[in-house]
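The values are calculated or read from the model by the stated rules, or taken from the named source; none is laboratory data. Source: prediction; values computed, not measured. All Cβ positions, glycine included, derive from the backbone under ideal geometry; neighbour counts span all protein chains shown. Please note that ligands, DNA and RNA were not included when accessible areas were found on the heavy atoms of the full protein model with its side chains. Shrake-Rupley method; radii C 1.70, N 1.55, O 1.52, S 1.80 Å.
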Amino acid sequence: MAHDAEQSPALTDAEAAERIHARFPALATARVVRLGEGTDHQAFEVEGRYVFRFPKSDEAAEHLKWEARLLAWLGPRLPLPVPDYRFLAHPAADLAAGFAGYEKLPGTPALLVEPERLDLSDLGRRLGAFLRALHALDPAEAAALGVPADDDPELEAWSAAAVDDLRLAVEHSHMEPHRAADWEQRLRVRPTEGRGAPRLVHGDFAAEHVLVDSHGAPTGVIDWSDACVGDPARDFAGLLHWGGAPMLTASLETYGAVSPAVLTRARWFAACRAVADIAFGQTQGRPEYIAAGQRALTGLGKHPPFDA
């Protein structure tokens, strides 16, 4: 979920470069260019080789600290690469929140690759194996690294945010009002039944956070700032949002069987994510997110109601 803490002013490329150059002498002449901005961080590319993330709030900064610890622990335990934060700048007078950087992983975010160019079934099987390894890790060890427990197990904030995002989508003509009325009814029904033991989850396992090579094979998983000890359905929702039922079905070939309740919650989380994408795309001027959210809702609309 997005963090609601007060955010710091956005950094310019020059301001980010000044901070990176000052903290890391080995990068004192490195070129710094903006990569993008999300809810919680700004990202900059350094010398074409590194990615530096600047938290936009104190809360996001705390997340970045434990994220770095988590990824150092996860690296040797997962079948796909994850970022390794080589550069850690602790809080200082010029930037109270601090910042961190890692060497870029190879590949392109799958969000930026046309879906028809990807073998979604093959990707699903590979990512199912990845999630199986992730969800099998000891949640207590992750918690000891600072990974938080799910802060909204009853899904109240998820539901409220999704309804708000849905209304923004209608306001900007990204969805017809008659369709929105049905979606609003579905999103208000929170599927909290049948939850099993919490697992370590990525939390935002969607196309923009899976890197693929020129052949469409996965090369890494990035942005672990939403990781938590919570419902594994959140990770399956990312696959469902991205590649629909075929991709999710393929993932279960390598992950193993899950209960119908997990699939119900995955559909619900995927719908929340879809309307969030549309809202994010609208507010940030990112049409690829609007398109991804609309495509996901079209696929999800073919399923029965989430409480069926």
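The table for this structure:
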item	result
Carbon + sulfur, % of accessible area of the chain - ligands and nucleic acids excluded, 1.4 Å	52 percent
Rg in Å to one decimal, and Dmax rounded to a whole Å, for region 108-302 via C-alpha atoms	16.0, 47
Length-normalised contact order of the chain in % [C-alpha pairs under 8 Å, at least 6 apart]	17 percent
Per-selection Rg to Rh, region 13-103 - Cα, Kirkwood hydrodynamic radius	0.96
Segments 58-64, 145-151, 117-123 sorted - mean Cβ within 10 Å per residue, highest first	58-64, 117-123, 145-151
Cβ charges +1 (Lys, Arg) and -1 (Asp, Glu), total dipole of the chain, debye	720 debye
Computed label-point distance, nm, for sites Glu288 and Thr192 using a 7 Å Cα→Cβ extension	3.7 nm
Burial ranking of peptide ranges 226-233, 271-278, 17-24, 182-189 (average Cβ count within 10 Å, highest at the top)	271-278, 226-233, 17-24, 182-189
Sequence-distant residues sharing a close amide H with Leu35 (under 5 Å, placed H)	Ala43, Phe44, Glu45
Pair Asp84, Ala257: separation of 7 Å Cα→Cβ label points (nm)	4.0 nm
Built amide H within the under 5 Å cut-off of Gly98, gap 5+	Ala92
